[in-house]
Amino acid sequence: MVLQREKDMSILNSRFAILRNSIETSVGLNLTSLTVVSENFFRDLLNMLLRSKFVNLNVDLGNAAAIDLGDISKGMCIQVTATPGKSKIVDTVDKFVKYNLNGNYTRLIVLITTKKLAYQVAKISDTKSCFTLDVKKDVWDWTDLLKLANDLPQEELTAVRSFVEEGIQIEAAASPVNEFDRKLFAEFCDLIANRGEIRFFKENDFVAQFAPNRIAGLREFVETWDDAVHVFNDQEVEAKREKLYAVAKELAYGIARYTTPTIHGMISVWPNHVDHNASTDWIKREAKILNDFAAKFVAEHEVFISIGREKLG
């Protein structure tokens with residue numbers, strides 16, 4: 001049984017990925033038309049997600065400085081940009097104050113339509129310290145939009161999904177190989193397949209201790225590949241990625257549950273305080289659980305690599 005909420009969120013995740021990929025490609029080719037056209041899409045989407053009354057200030061005021069969308073009644077405004085760099089955010093905050101927009105709006109949000117970065121600052125202020133933007137709270141990307149959608153009541157979520165389905169149409173690919181999918185598959189291979197981790201999971205017995213870096217790719221995969229950014233356009237490849245992610249998460253969580261740090265910076269199911277001459281049946285059982293999880297992960301990885309190479313080259 002598939003819950004309606006799960007279905008709605010899955011569709012949103014997929015369609016958001018399509019638009020994000022298109023914007024990213026346009027930016028790479030120095031084409032700005034898609035970003036401009038999509039402003040009204042984001043206006044309507046954010047009005048649904050936030051129950052707001054944003055207007056497109058570029059339409060109403062003519063190429064408004066610093067911000068694109070504004071809701072005077074809420075004192076909230078949004079800059080929609082495909083440029084994720086810190087310098088873009090700093091420039092936005094400076095212009096926001098320069099044009100006295102902080103007199104009309106108390107909150108400025110920067111919506112990154114590609115992918116926000118891991119910014120090394122918590123706050124960004126203008127040169128005169130008249131306004132401060134909370135980076136963690138007010139720099140958004142697609143992941144934040146998905147969180148807002150998931151917080152909506154079911155009826156409103158379904159309405160958002162219908163709007164997004166109509167606004168982001170799926171067209172048949174001109175080529176059997178989507179360039180974004182090809183790059184995403186290469187990114188995955190660099191993360192796990194090319195690191196030699198699969199050989200480790202094939203040959204390792206979790207009774208033995210091991211170095212944390214032997215599972216670094218697995219951990220990063222589980223931590224970062226469950227969002228709109230890492231969705232394949234090819235439905236068959238994406239279905240295999242989802243299955244692989246599920247077993248990878250099972251393995252990563254199992255390792256976190258059953259292992260503990262040991263001396264010399266290693267990891268083991270055998271805690272330091274347990275005498276190696278003591279009964280070890282429970283340790284062997286936990287090691288077997290991890291070995292079984294690893295075998296499932298290796299099997300799904302081989303299936304995913306096979307379909308990826310077949311369809312994406």
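The values are calculated or read from the model by the stated rules, or taken from the named source; none is laboratory data. The model shown is predicted, which means the values in this text are computed figures rather than measured ones. Here the Cβ is made from the backbone with ideal geometry for all residues, glycine too, and neighbour counts use every protein chain on show.
Observations on the structure shown:
- Being aromatic (Phe, Trp, Tyr), part of a loop (DSSP other than H, G, I, E, B) and at negative phi is a property that Phe185 lacks.
- Checking each residue in the stretch 190-221 for being over 15 Å from Phe304 (Cα atoms), among the β-branched types (Val, Ile, Thr) and outside any loop (DSSP other than H, G, I, E, B) picks out only Ile215.
- Residue under evaluation Ser268, criteria (1) out of contact with any strand residue (DSSP E or B) (no Cβ under 6 Å at 6 or more places or on another chain); (2) of a type in the set (S, T, N, Q); (3) modelled with pLDDT of 90 or more; (4) surrounded by 15 or more Cβ atoms within 10 Å (Cβ to Cβ), criterion not met: (3)
- Some residue of the stretch 223-234 being at pLDDT below 90 and either more than 27 Å from the chain's Cα centre (by Cα) or assigned by TED's automatic domain parsing to the domain that holds Arg20 (or both): no
- Filtering the stretch 111-142 to residues that are under 22 Å from Asn47 (Cβ atoms), among the acidic types (Asp, Glu) and outside any loop (DSSP other than H, G, I, E, B) leaves only Asp138.
- If the condition is being loosely packed, with under 15 Cβ neighbours inside 10 Å and closer than 20 Å to Thr83 by Cα, then the stretch 133-165 contributes Asp134, Lys136, Lys137.
- Near pairs, Cβ below 7 angstrom, 6+ apart or cross-chain, from the stretch 301-313 (at positive phi) to any residue that is in a helix (DSSP H, G or I): Gly313/Arg182
- Residue within the stretch 265-277 that is in a helix (DSSP H, G or I), closer than 30 Å to Thr114 by Cα and not charged (D, E, K, R) present: no
- Residues in the stretch 130-167 that are of a type in the set (Val, Ile, Thr) and without any contact (Cβ under 8 Å) to a residue 40 or more places away in the chain: Thr132 alone.
- Total residues in the stretch 94-108, condition part of a strand (DSSP E or B) and either acidic (Asp, Glu) or surrounded by 21 or more Cβ atoms within 10 Å (Cβ to Cβ) (or both): 1
- Residue in the stretch 191-201 that is within 25 Å of Thr113 (Cα to Cα) and either in contact with a Cys (Cβ under 7 Å, 6 or more places away or on another chain) or outside the structural domain of Asn47 (by TED's automatic domain parsing) (or both) present: yes
- Condition check for Arg199: out of contact with any helix residue (DSSP H, G or I) (no Cβ under 8 Å at 6 or more places or on another chain) and of a type in the set (Lys, Arg): yes
- Residue in the stretch 246-256 that is assigned by TED's automatic domain parsing to the domain that holds Lys284, at pLDDT below 90 and surrounded by 17 or more Cβ atoms within 10 Å (Cβ to Cβ) present: no
- Counting only residues that are more than 12 Å from Asn102 (Cβ to Cβ) and more than 29 Å from the chain's Cα centre (by Cα), the stretch 115-130 holds 1 of them.
- Checklist (1) surrounded by fewer than 20 Cβ atoms within 10 Å (Cβ to Cβ); (2) not in a loop (DSSP other than H, G, I, E, B) applied to Ala287, failing item: (1)
- Residue check for Ala186: surrounded by fewer than 17 Cβ atoms within 10 Å (Cβ to Cβ), in contact with a strand residue (DSSP E or B) (Cβ under 8 Å, 6 or more places away or on another chain) and more than 19 Å from Thr81 (Cβ to Cβ): no
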